[in-house]
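Before I ask anything, here is the structure I am working with.
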Amino acid sequence: MRSVLSKVSVVLAMVPAVVTAHSWIDCFDTNHTKIYDQSASYIYGGSGGNGFCDGYGAGYPGRGDTDIGTEYTFKMLENEVEAGTPVCQTVAADTYTSTDWRKRILVAPGVTVYFAYLPNGHIVKDKKAIGTQHGVYWTGQVGSALTSTLDMTHEYLMDGYTMDFDDGNCGESYDYDGNPGGRAGDGKPCIGSFVVPTGTAAGIYSMVWYWTFWLDNEASYVDQSQARGYFGAAYSTCFEVEVTAGSGSSNAPESTTPAPPATTATPSGYSTFDATTFSSLGGDEDSVGTVHPASTSASVSGPESSSSDEATATSSSTSDSSSSSSGSDEAEVGSDSASRSEASKEDSFTSSSSSTVSASANAETSFSLTASQFQSWVVLILALAAATVAL
């Protein structure tokens, strides 16, 4: 009898190692703080935690199902993987509509999606997962899906690379010998991530989280006693992502602060834009991103002019101080054309280096006389005429 009990004890001691040899994705979310700091809500919350996350894997039963470990684990032995076997478990077609909480995650291109999975003893206890790889795979096309382990290739990797199953943080509080694990502790998940590429068309995409739980070189296992006799397996969680129209930027809101006015003086009619600042602005009517062409009626002097530039700059500054625009001189050329034209006409005669006065308007530069200037010329001509008569 004692011999039988001894054998039973040995078998029971082996059970935890067998039961924990699995993993799956519990939660998808775009909020890292929520998915990690509040992980107890969906890991220990039972059925009350259903719906906490932004999205779930297809067929995910929730932590309220006590058989989740056996029902939701999808395991593929290494020899099956190499031969080619289905990479997704079969689920109902209405998996994302049959409940009011299990839904596919909704995300814009360019936004980071985080996903959580438990280490299940494979990092701190048996240490066999250290160095193993996982990643997210997809076709990149709406209405198509990867179906075989033979499809799990670099070509279909979402971000073009795999990640270590050990994220450097997750792991149980103690190892098999009762020594501190030096990790986040029991119940804290490992966190992975992916980003739907910018420019991805809106629609529903099928994806696969795929983890190869083995190392090609047996000598690479940290704990050789645990690795001895271990036959590798792969695990997967298949899920859907609904990509929305538009794009995101690493979860950071876009700046709506208008660009400051230029501080460097430039010749009238010319504008200097910083390339980075310009490209980051939107195309709204009140932003520098929408450049309004200068009015053809405006008198625009070249870089060699002096006093006309000062008059134009003064006029533009006055207009800018009472306007709600972004402060770009080029964007305001159209609205300032009238005032600048008048100032330019008054100063053009004295600012020109040429002493010749043309009777007709030049096509590029306009010359005109004010009333006082015309009167001076008349007096001069009459004086010359009187002198001629006297001679």
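Each value in this text was obtained by applying a stated rule to the coordinates, not by laboratory testing. The model shown is predicted, which means the values in this text are computed figures rather than measured ones. Note that each Cβ is placed from the backbone with ideal geometry, even for glycine, and that neighbours are counted across all protein chains shown.
Using θ = phi - 60° and the Karplus form 6.51 cos²θ - 1.76 cosθ + 1.60, what ³J(HN,Hα) does each residue of the stretch 208-215 get, whole Hz, x for Gly and Pro?
10, 8, 9, 10, 9, 8, 6, 10
How large is ³J(HN,Hα), in whole Hz, for each residue of the stretch 93-105 in order, when computed from phi with the Karplus curve 6.51 cos²θ - 1.76 cosθ + 1.60 and θ = phi - 60°, using x for Gly and Pro?
Coupling constants for the stretch 93-105: 4, 9, 4, 9, 10, 7, 10, 9, 10, 7, 9, 7, 6 Hz.
Please give the net charge around Y137, taking every other residue with its beta carbon less than 14 angstrom from that of Y137, where Lys and Arg add +1 and Asp and Glu add -1.
-4
Between S225 and A93, 0.36 nm times their residue separation minus their Cα-Cα distance comes to what?
Going from the current span to full extension adds 43.1 nm.
Would you pull out the residues with amide H under 5 Å of W24's amide H, same chain only if 5 or more places away, H placed 1.01 Å from N?
L118
Which residues' amide hydrogens lie under 5 Å from the amide hydrogen of G232, considering only partners 5 or more residues apart or on another chain, with H built in the peptide plane?
Those qualifying (amide H under 5 Å, at least 5 residues apart or on another chain) are E78.
Arranged by the count of other C-beta atoms within 10 angstrom, fewest first, what order do V195, V87 take?
V195, V87
Structure shown: which of K75/K128; K34/K103; K34/K127; K127/K188; K34/K188 lie over 20 Å apart, alpha-carbon to alpha-carbon?
Long pairs (Cα-Cα over 20 Å): K34/K127.
Here is a follow-up. So between S41 and E82, what do we pick up on full extension, going 0.36 nm a residue minus the alpha carbon distance?
Using 0.36 nm per residue and subtracting the Cα-Cα distance, I get 11.0 nm.
Still on this structure: Would you calculate the separation in nanometres between label points at S173 and K75, each defined as 7 Å from the Cα along the Cα-to-beta-carbon direction?
2.7
Around Y117, under 12 Å between beta carbons, what's the net of Lys plus Arg minus Asp minus Glu among the other residues?
Its environment carries a net charge of -2.
In what sequence do C170, C88, C27 fall when counting other Cβ within 10 Å, fewest first?
Fewest to most other Cβ atoms nearby, the residues stand as C88, C170, C27.
Return the long-range amide H neighbours of T112 (sequence gap of 5 or more, or a different chain), with a cut-off of under 5 Å between placed amide H atoms.
S250, N251
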